[in-house]
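Novice: Okay, here's the structure, questions in a sec.
What follows draws every value from the coordinates through simple rules; no lab data is involved. What you see is a predicted model, and the numbers here were worked out from it, not measured in a lab. Here Cβ is always computed from backbone atoms with ideal geometry, including for glycine, and neighbour counts include all displayed protein chains.
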Amino acid sequence: MSTCRPQQSILRSSGISSCTLPRQCLARAPTIATLRTRRAGRAARGTPDNATTSAAEDLTDGGVSLPTTTTSSSSSAGSSCPFLAGLPSPPAAGSPWYTRLQQLSHPEQWQRAALGSHSMVSVPSQLGLPAAYLLGTAELAKAVLAGEGDITLQGVQRNYGFATLVGQHSLLMVQEPRHKYLRNLIMPAFSPEAIERLTPRMVAVVSRYLDAWAAAGTPVLAAQELKALTFDFIYAVILGRDYEQQQLQHMRQLYGTWAAGLQDWPFLQLPFTRFGKAMAAREQLMELFKAAIAETRALLQQGQEVPGILASLVSAVDEEGNRLSEVELCDNLMLLILAGHDTSSVTLTNILANLHNHPAAMQQLRQEQQALLARHGSQLSTGVLREMPYAEAVIRETLRLRNVVPGLHRVAARDIELGGYAVPAGTMLYSPLHLLNKSDPRWAGDDVEAFRPERMMTAEGQKGGWQLSFGHGPRFCAGYLVAMAEMKVLLALLARGYDFECDTDTQWVQQVGQVPANHLPMTVTRRRDAAAATCV
Ligand code: HEM
């Protein structure tokens, strides 16, 4: 076996490999292709991938004699690939019970301690948490997030409550190659041109909220207001039209009941359980979506130009003329509202708190907007949004400190090699995004806990580095451009026309991202020179 050891440095730099061997071994060993062909053959015959196989069967594929395999998912020793079988497992985190409690209460500190100086550790199942390999470098996390063929999202997809509430046909729930097909149909709705058409609507929603906060005369609860703002915003850009406040209020309530069901367990669909109520709310939301789909289709058939993501989705057509079905449209609308709502509201809440605590950063933001007003007048277009490096640095620095998505789960679909270790099929792989942000080698020696948007303005800071706030690979955030446009519109309008104060003396608690326990009371006043900066 020793002559067949892989070139470790190549494997490390290339991320994942199912079975990669040096050239001199290829005559005697299976290639990735032969391993996959064998699996494909089994699948075609209806034989499970982890079924007992014999050396005789393997001989028919590549002329290669392989060890008899009893299961492909138990350990590297059971792998049908000699190279994988020879690889070690990562060291075990081996934590006693009290540190596992730390895992739940202080995940970032626990992860740092568990990893120590290792690039990956194996965390055994304890206290109801599943066993997983914890990844400690961005290189490994990126390899896993990009490795769609070898890696699946099964962990999320097997969560019955989540899958039922979000919908089996949403992007999040489908595997390759269906995921790629759906994404190709959906992504034109998020193109820069589509965002350009939606910008006036985005400006209108944000202006309405800023004016209302200033008119309130008393503190408003920023965290709650931003939840409402981002809901109205995502609804407006998806459905492409304005709704009466009463209707929006009704839809927000339905969404709130639906979202509460995601936290329920066990998922019992009874009239009095949170899950049961959430399913009933889902039914009502589906009826509203179906009506909007029918209306959009009718307008498009009359040859009218209809703005909004839904119109793009309804119009999307593949090479053979197929379109998204009604159930695919509905499930993906549900996903877009979920994915585009709390993520943005929590990030914006954190941004406002940071700007309040760092007046110099707010001043810098105002200067950037004054320069833009002088150059382009008050109009906000996607071109103008692109010319906001400081606003972008504020957003990225806020996400670096308080990543709204703390980490991403994936599952190895087959036996793979990762970073020199064997990863048996079925292993959960966890990328701790929050920890990776803080461990980014670019900021070694800096105060990583300090809010300093300027670090993002340097040549080094403009690169992605270890910051994977919007994910990586084929499932990279579909709404990235919408999210950035939304946050920049709010920052631009706020800096141009308003002053604000908020009470940041509070605990921050972990929910979807970290949120202020006091909901961030905030007073907003219109600036005297604001008239010149009105943008709609
Ligand atoms: C600050 C705001 C946001 C952050 C930090 C964020 C972050 C992320 C991350 C980390 C993922 C990857 C999930 C994974 O790999 O499993 C993701 C996926 C996704 N996001 Fe976002 N997101 C944001 C806003 C939005 C918005 C506004 C929308 C919609 C308009 C959106 C729609 C989606 C969708 C549809 C996916 C699934 C993509 C796929 O599976 O192909 N996100 N987001």
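Novice: Quick one: check the C-alpha center-to-center distance for the stretch 296-343 versus the stretch 196-210, whole angstrom.
Specialist: Here the two parts' Cα centres lie 21 Å apart.
Novice: Taking the stretch 257-300, which GluC sites (Glu not before Pro) meet the DSSP loop condition and have no more than 10 other C-beta atoms within 10 Å?
Specialist: none
Novice: Another one. Would you mind computing, in nm to one decimal, how far apart the modelled labels at residue 221 and residue 295 are, each placed 7 Å from Cα along Cα→Cβ?
Specialist: So the label points at residue 221 and residue 295 sit 3.0 nm apart.
Novice: Right, next: Describe numerically, in nm with one decimal, the distance between label points set 7 Å from Cα along Cα→Cβ at residue 317 and at residue 129.
Specialist: Modelled inter-label distance: 5.1 nm.
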